[in-house]
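Written below as structure tokens is the structure these notes are about.
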Amino acid sequence: MSAHSPLHLVSSPSEAARDDAFPLVAIERLRRNGRLAAPLPEALGGDDLCAPERVGDLRRLLTQVGRDSLPVGRIYEGHVNALALVLRYADPETRAALARDALDGHLFGVWNTEPKENGLTLDAVGRLHGAKSFASGAGFVTRPLVTARAPDGRSLMLVMRMKAGERADLGEWRVHGMRATATGTVDFTGLGSSDGAVVGAPDDYFRQPFFFAGAWRFLAVQLGGMEAVVETFRTHMRTTGRGGDPHQQARFGRSLIALESCRLLVAQAAETAAAEALSPDRVVACVNLARAAVDQAGLDVLTLAQRSVGLAGFLDDHPLEAQMRDLATYLRQPAPDFALTGMAAHVLEADAPLHGLWGAEP
Ligand SMILES: Cc1cc2nc3c(=O)[nH]c(=O)nc-3n(C[C@H](O)[C@H](O)[C@H](O)COP(=O)(O)OP(=O)(O)OC[C@H]3O[C@@H](n4cnc5c(N)ncnc54)[C@H](O)[C@@H]3O)c2cc1C
């Protein structure tokens, strides 16, 4: 693909047949089923899915969407994350205006990652300079929430008003998996803060525990991807009649343990993040525990499925082939070493006994 190459504006059935086509049909289905508005409070026309008491429903929905398609799960998770930030930090007028955009069907996303050189800045007169990289839904997300560094070094959140196809460069997204997410570079130079809405106060985006603990949402999506791999593994055993073999049973059993342990840890992380009843450090450690577990378990499940299904699973007409590439790619999230060691250091330093660390024992 060349720089500024045209986007693949194709839809089903071609969408299902190509793994680099943005999932327009699936996103349209989410829109039609009210899923794009669902994170909003009822008073703003939604289903209150971001409310702490609905965290289990949101978690299950993210896992379900990820199970059906990890690229769709990634896009939907970004949409939910952006609306959660808007609901938490925006003033009432901005919140209401952006809620109307969500109800009108605009797709949101969070674009924080940026190139080493040419990161996004906001100058003293409100002009934007620079770009965001690894921006999922580039060209399709019409309300991206971006972070931009102000002259005083602090970061502001802006939700930009963009048109479909505008400024999206997908030229470098030649990638192992998650090709359909249209993850690209978007240069905002020439636009200004008046082309969007400021959300919250400087550095609100990085406030803890919300910033790190929000990782539970991508874990829920990744869990769906793991589940899809294990389900395909199971189907393959059944259709090939190889499930009676003890080696296959042992590998399948280990996959199931990896999956179901992660389901419990992700549920615990989501509940702990939503309740915000523990200290910020402990909430983050609890989510990082789940991050480290899912990162390892995801890789384990991939290896076990590869060994059990064998070469058939690498053929491009086998469902496992794309599922494995998508999961392996999506498991790569920021600073996994820090997630593990930061959590371990926190627990090593904690005075509370292990059994009471995360609150009430289940
Ligand atoms: C499909 C997909 C879609 C994405 N969409 C978006 C999006 O819409 N918006 C967005 O903002 N981002 C997006 N991202 C980017 C994502 O948030 C992360 O920035 C990215 O995945 C980081 O991956 P990485 O493996 O390079 O991480 P890194 O953090 O660079 O980790 C790579 C390795 O280096 C280690 N490491 C990290 N820091 C250091 C250090 N200082 N010193 C030594 N070692 C270190 C890590 O522990 C790890 O072992 C997307 C990523 C993917 C895969």
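If I model a spin label at residue 242 and residue 104 as a point 7 Å from the Cα along the Cα→Cβ vector, what separation in nanometres do I get? So the label points at residue 242 and residue 104 sit 5.3 nm apart. When 206, 188, 252 are compared by accessible surface with a 1.4 Å probe, the order from highest to lowest is 206, 252, 188.
The convex hull drawn around the Cα atoms of the stretch 239-337, when projected onto a plane and averaged over every direction, covers 7.5 nm².
By the Kirkwood approach, averaging reciprocal distances over each pair of separate Cα atoms, the stretch 236-276 gets a hydrodynamic radius of 12.1 Å.
Under 1.5 on a/c is rounded, so check that first for the stretch 190-268, then, if it is not, pick prolate when a/b is larger than b/c and oblate when it is not; a ≥ b ≥ c are the square roots of the alpha carbon gyration tensor eigenvalues. In terms of gyration-tensor shape, prolate.
Say each of residue 176 and residue 277 gets a label point 7 Å from the Cα, pointing the same way as Cα to Cβ; how far apart are those two points in nm? Spacing of the two 7 Å Cα→Cβ label points: 4.0 nm. Compared with the alpha-carbon gap, the fully stretched path from residue 60 to residue 250 is longer by 65.6 nm at 0.36 nm per residue.
Over the residues of the chain, the helix contribution to mean residue ellipticity at 222 nm works out to -16000 deg cm²/dmol, using -39500 (n - 2.57) for each DSSP H run of at least 4. Length gained on full extension, residue 152 to residue 349, computed as 0.36 nm times the residue gap minus the Cα-Cα distance: 67.5 nm.
By DSSP, the beta bridges lying fully in the stretch 14-206 are antiparallel in about 70 percent of cases.
What's the angle, to the nearest 10 degrees (0 to 90), between helix 336-349's Cα axis and the longest principal axis of the chain? The two axes meet at around 90 degrees. In a reduced charge model with +1 at each Lys and Arg Cβ and -1 at each Asp and Glu Cβ, the stretch 210-356 shows a dipole moment near 380 debye about its Cα centre. When only the Cβ of Lys, Arg, Asp and Glu is charged (+1, +1, -1, -1), the dipole of the stretch 14-206 relative to its Cα centre reaches about 360 debye.
Farthest towards the positive end of the charge dipole of the stretch 210-356, among the residues 331, 213, 240, is the Cα of 240, using unit charges on the Cβ of Lys, Arg, Asp and Glu.
Across all Cα atoms of the stretch 81-214, the radius of gyration (one decimal) and Dmax (whole number) stand at 14.1, 42 Å. Expressed in units of 2.2 N^0.38 Å, where N is the residue count, the Cα radius of gyration of the stretch 165-313 is 1.38. If you keep only loop residues by DSSP, which GluC sites (Glu not before Pro) in the stretch 218-313 have at most 14 other Cβ atoms within 10 Å of their Cβ? Answer in residue order: 276.
Roughly how many Å is it from the Cα centre of the stretch 82-99 to that of the stretch 185-200, as a whole number? Result: 16 Å between the Cα centres. DSSP finds beta bridges in the stretch 99-229, and of those with both partners inside it, around 70 percent are antiparallel. Is the chain rounded, prolate or oblate when judged by the Cα gyration tensor, a ≥ b ≥ c being the square roots of its eigenvalues, rounded requiring a/c under 1.5 and prolate requiring a/b larger than b/c? It comes out oblate by the Cα gyration axes.
Each Lys and Arg adds +1 at its Cβ and each Asp and Glu adds -1 at its Cβ; summed about the Cα centre, the chain shows a dipole of about 600 debye. Compute the angle between helix 55-68 and the longest alpha-carbon principal axis of the chain, please, reported from 0 to 90 degrees and rounded to the nearest 10. The answer is roughly 70 degrees. Accessible surface area normalised per residue over the stretch 86-185 is 44 Å², counting heavy atoms of protein chains with a 1.4 Å rolling probe. Accessible area ranking (1.4 Å probe, heavy atoms, ligands and nucleic acids excluded), largest first, for 22, 210: 210, 22.
Among beta bridges identified by DSSP and lying wholly in the chain, the antiparallel ones come to about 70 percent.
The values are calculated or read from the model by the stated rules, or taken from the named source; none is laboratory data. Predicted, not measured: the structure shown is a model, and the values here were computed from it. Every residue, glycine as well, gets a Cβ built from its backbone with ideal geometry; the counts of neighbours run over all protein chains shown. Accessible surface is based on the protein model in full, side chains and every heavy atom, while ligands, DNA and RNA are left aside. Shrake-Rupley method; radii C 1.70, N 1.55, O 1.52, S 1.80 Å.
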